[in-house]
Structures are given as C-alpha cells and as structure tokens.
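Asks: My questions all concern the structure below.
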Amino acid sequence: PAGLWTVFTLGGVGSKAAPQLEQCSPLANQSLLLLLVLANLTDAPDTPNPYRQAIMSFKNTQDNTAFSSSNPHAFQINFNSLYTALCEQQKSDQATLLLYMLLHQNGNVRTYVLARTDIENLV
C-alpha cells in the first residue's frame, strides 16, 4: 500500500523530469498523454481502435514510396523531427512510452530508428 501511495502522490518512477516537461510545454505534455490513452483503448468487437491503427501505419514524409490513401487512418510525419523530439524528451516517462509503442507497433518507425547512425542519442 505504501508503494502505491507513493505512485499516486509523487507521480511514480521518473517523476523528477515530468514537471520540467510540463512547465516548458504543458499543452504538449497533455497532448502526449491523451495520445497514449487513445492509442491504448481496447478495440470494439467489430471495429479496431482507429488511433492505434494510425499509430501502427503512419509513414515518413521523406519516404520516396507512393503514399497510399486506401487506409482511412493513414498520415505522414517527418521522422527526423519525431526522432529529434523523442531524443530530447527521453527523461519523461510519457515520451519513453511513446517511443516503446512506436518501435513495437510501427515498422516504418522501427526501420528508421535502426538505420540511424546516431542511435546513442536515443539510448
């Protein structure tokens, strides 16, 4: 019970960096938390979670392959900007959770990160 109380009152593991992130960009922090909640909602019996589908399938804007619009949840994002932002925010639990989710669920992001020569910035 004492350990659970500590999580509720102090914010859990890695909470020292979270206030720093919240102070410099509270909207970004709240947006990231909302994205994580929406992407981890359970699927409906007849419909997959559209947020998870989008997270699993987005592509790099600098990718030369044709962008398929057949997926209604498809979108593109600049992976270099995403990678830079994730490297800068790795002290926050939320950013680490997003990175974990992207590496495990989006093959495009995983391939991009593994191809980087400066992966030590992320680690």
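Asks: For region 92-121, what are the residues that are open to solvent by less than 20 Å² (accessible area, probe 1.4 Å) and farther than 17 Å from Asn29 by Cβ?
Replies: Those that are open to solvent by less than 20 Å² (accessible area, probe 1.4 Å) and farther than 17 Å from Asn29 by Cβ: Leu102, Asn106, Val109, Val113.
Asks: List pairs: first in region 76-93 and touching a residue at least 40 places away in the same chain (Cβ under 8 Å), second polar (S, T, N, Q), Cβ under 9 Å, 6+ apart or cross-chain?
Replies: Gln89/Thr96; Lys91/Gln20; Ser92/Gln20; Ser92/Asn29; Asp93/Ser15
Asks: A follow-up question, please. Among the residues in region 10-31, are any surrounded by 13 or more Cβ atoms within 10 Å (Cβ to Cβ), modelled with pLDDT of 90 or more and out of contact with any Phe, Trp or Tyr (no Cβ under 9 Å at 6 or more places or on another chain)?
Replies: no
Asks: Now, a different point. In the set Tyr100, Tyr51, Tyr112, which member is hydroxyl-bearing (Ser, Thr, Tyr) and touching a residue at least 40 places away in the same chain (Cβ under 8 Å)?
Replies: Values: Tyr100 fails: touching a residue at least 40 places away in the same chain (Cβ under 8 Å); Tyr51 fails: touching a residue at least 40 places away in the same chain (Cβ under 8 Å).
Just a single option satisfies the conditions, and that option is Tyr112.
Asks: Take the residues in region 36-91 that are open to solvent by less than 70 Å² (accessible area, probe 1.4 Å), modelled with pLDDT under 90 and among the aliphatic types (A, V, I, L, M), then tell me which one is farthest from Leu122 (Cα to Cα).
Replies: Taking the candidates together, the pick is Ala44.
The values are calculated or read from the model by the stated rules, or taken from the named source; none is laboratory data. Every value quoted in this text rests on a predicted model; they were computed, and no experiment measured them. No Cβ is skipped: glycine too gets one built from the backbone with ideal geometry, and neighbour counts run over all protein chains shown. Areas reflect the complete protein model, heavy atoms only, side chains present, ligands, DNA and RNA absent. Shrake-Rupley method; radii C 1.70, N 1.55, O 1.52, S 1.80 Å.
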